[in-house]
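Heads up: the structure comes next, in structure tokens.
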């Protein structure tokens, strides 16, 4: 039984190494496109061109709050679009949807 488990572990490790190698081999040099907001540098994965973390509008703060989206002005230089930006804040817990003290709702 121990030998079977050892063989399975070795095979699983070999499979994971093959998958990691194939994923890394697919990533190709950066691709640059001229978008309305300026030059964007992304990645090529086989036939797919991948651009991450591109904002589609100015941040809705100040005078822009509760207004329709405003296009980003064209920038000079190139923007790195190979990584996602920071995630939005998400609270760790939510209030319960039903009060706990209500009879029959426990």
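Multiplying the residue separation of residue 41 and residue 58 by 0.36 nm and subtracting their alpha-carbon distance yields 4.2 nm.
The length gained by stretching the chain between residue 7 and residue 33 to full extension, at 0.36 nm per residue less their Cα-Cα distance, is 4.6 nm.
Every number in this text was worked out from the coordinates using simple rules, so none of it is lab data. Note that this is a predicted model, so its numbers are computed, not measured.
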